[in-house]
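Read the structure below first, then the notes.
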Amino acid sequence: MGSASIGYQFGISARFHLRSDVAVSSLPCKVDISRKSFFSAASSTHKEFSNRARVCSLPDIDEYCDEKVETPILDSIETPSQLKNLSVKELKQLADEIRNELLSVLWKTQKPVNQSLAAIELTLALHYVFRAPVDKILWDSVEQTYAHKVLTGRWSAIPSRQNNGISRVTSRLESEYDTFGTGHGCNSISAGLGLAVARDMKGKRDRVVAVIDNVTITAGQAYEAMSNAGYLDSNMIVILNDSRHSLHPNMAEGSKASISALSSIMSKIQSSQIFRKFRELAKAMTKKIGKGMYEWAAKVDEYARGMVGPTGSTLFEELGLYYIGPVDGHNIGDLVCVFREVASLDSMGPVLVHVITDENRDAETGKNIVVKDRRTYSDCFVEALVMEAEKDRDIVVVHAGMEMDPSLVTFQERFPDRFFNVGMAEQHAVTFSAGLSSGGLKPFCIIPSAFLQRAYDQVVHDVDRQRKAVRFVITSAGLVGSDGPVQCGAFDIAFMSSLPNMIAMAPADEDELVDMVATAAYITDRPVCFRFPRGAIVNKNYLVRTGSPIESRLEEEELL
């Protein structure tokens, strides 16, 4: 076994370990390599990729040559309704074809695609059982929708197959199958409930399905929506796609929901019409007997379901949603069975189906194959912040958002007790930071520009009006290119600089960014914010120097 490096003219390099079956021709210009060497981490439960792919070191990464993968079933699917002609066995083959195609295309985009790969079987089962676009399917998370786009006639326009590509999110302007545009997550249940109420008022009978994952469900709006859905008792289906991803890696494995033969059987029983009608009949009978009997029976029911279900499953029952699960999200047969039963129920109120998927069962999608040899503003910021934190023990970091920039791992590892990642809870992050400031600490609240919009009320009332010294670090500011309008950070200058006590800054280069970090740490009597884009810094081999507060430096220059 040997190794070879490939260099590209646009600043991207890659290193491959070559197998004995690899043909090398005039390196570094061209390498022929089996696809399975790209995705060596693929699960043993999936077929190895036996087809071959050719990578050419051309200036445009989209122009590489890739031999056609055989996808006979996928090639015959033009609309989701055609899935209903397939057997469960053919659906499993189709899932493999979609997975292979996505792997062959999306690894070049440098975007995490494990969520889309993990949701393939779930997507197929939804479109197999429900009648989109008559039935409304709403997707909450950006990264779950690639298989949905493949099945709804947009495969040829998936990003990186065409220069113009398609939106990374669901868009009503793009397809009739996109019932509602994906916002910043956690909006699917609210929008779905609105559609369900409108359906009932207009006397229609279509189904409403909202798909949310365990990252976006951490946002408060999701629980507000579920509570309202339980109160209104409208028929709708919530699918919780639980990928077992946690903000806290040290969380005990025992607290996570697990899939077993018993859980599969119980999920089918819970979703069956007979069981649901028997449960409703029992409720009605105990109500007639008396309030005491009804409350006692409700406690027994809750206790029994809590014993069978995973930890926390009764929370959804308390919110008014009938809980079913957990269901194996990679077993199409089980998914189809449960979804059919749920779709057949009328006048039963909101239902939550807990689906377990595994993001790590597939290959690592080439995310470590192509390495960008460029330093970003975020890298520069984190290094400057680490320098300040080493001098000042009061400096802490609060991060909010769907994904954490890899550069922040440096600070997290260096100061684990001073780093707080709250996930998609921007409102909480802002007020939490205000509380930290009130306690005498110096919080740096890191939120992408587009996501800070969600917490503007807290910025105004909990920080600026009270002159709390919170340091807002606004990342991904300005236009963000291929990430599209949902991630666009074009409004923070207007809504932050309009506040009476806020100091707003924007660096022209990496030197000013370093000084702004020092300035933010220096100011203790009011809030401050500074913004920077996600792009690469000007100087490729820039070494971060020690920053100095801008205000004090200007005063020194005036004295001289």
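When we screen 486, 398, 473 for residues that are farther than 18 Å from residue 220 by Cβ, under 23 Å from the mean Cα position of the chain (by Cα) and assigned to a strand (DSSP E or B), the only hit is 473. Among the residues of segment 73-86, not one is modelled with pLDDT of 90 or more, open to solvent by 50 Å² or more (accessible area, probe 1.4 Å) and not in a helix (DSSP H, G or I). Cβ contacts < 6 Å: first residue within 11 Å of residue 378 (Cα to Cα), restricted to segment 404-425; second residue among the small types (Gly, Ala, Ser) and open to solvent by less than 60 Å² (accessible area, probe 1.4 Å), any location; separation 6+ or different chain. Result? Listed by first residue and then by second, the contacts come to 405/378; 407/378. Every listed requirement among (1) closer than 25 Å to residue 153 by Cα; (2) free of Cβ contacts under 8 Å to residues at least 40 places away in the same chain is met by residue 194 save one, (1).
Looking only at segment 390-412, residues that are open to solvent by 30 Å² or more (accessible area, probe 1.4 Å) and within 21 Å of residue 546 (Cβ to Cβ) come to 6 in all. Residues in segment 338-357 that are crowded, with 20+ Cβ neighbours inside 10 Å and of a type outside the set (D, E, K, R): 338, 339, 342, 350, 351, 352, 353, 354, 355, 356, 357.
Being more than 12 Å from residue 396 (Cα to Cα) and in contact with a Pro (Cβ under 6 Å, 6 or more places away or on another chain): is that true of residue 492 here? No: the conditions fail for residue 492.
The values are calculated or read from the model by the stated rules, or taken from the named source; none is laboratory data. Keep in mind the model is a prediction, meaning the values are calculated, not measured. Virtual Cβ from ideal backbone geometry, glycine too; neighbours counted across all protein chains shown. All accessible areas refer to the heavy atoms of the entire protein, side chains included, with ligands and DNA or RNA removed. Shrake-Rupley method; radii C 1.70, N 1.55, O 1.52, S 1.80 Å.
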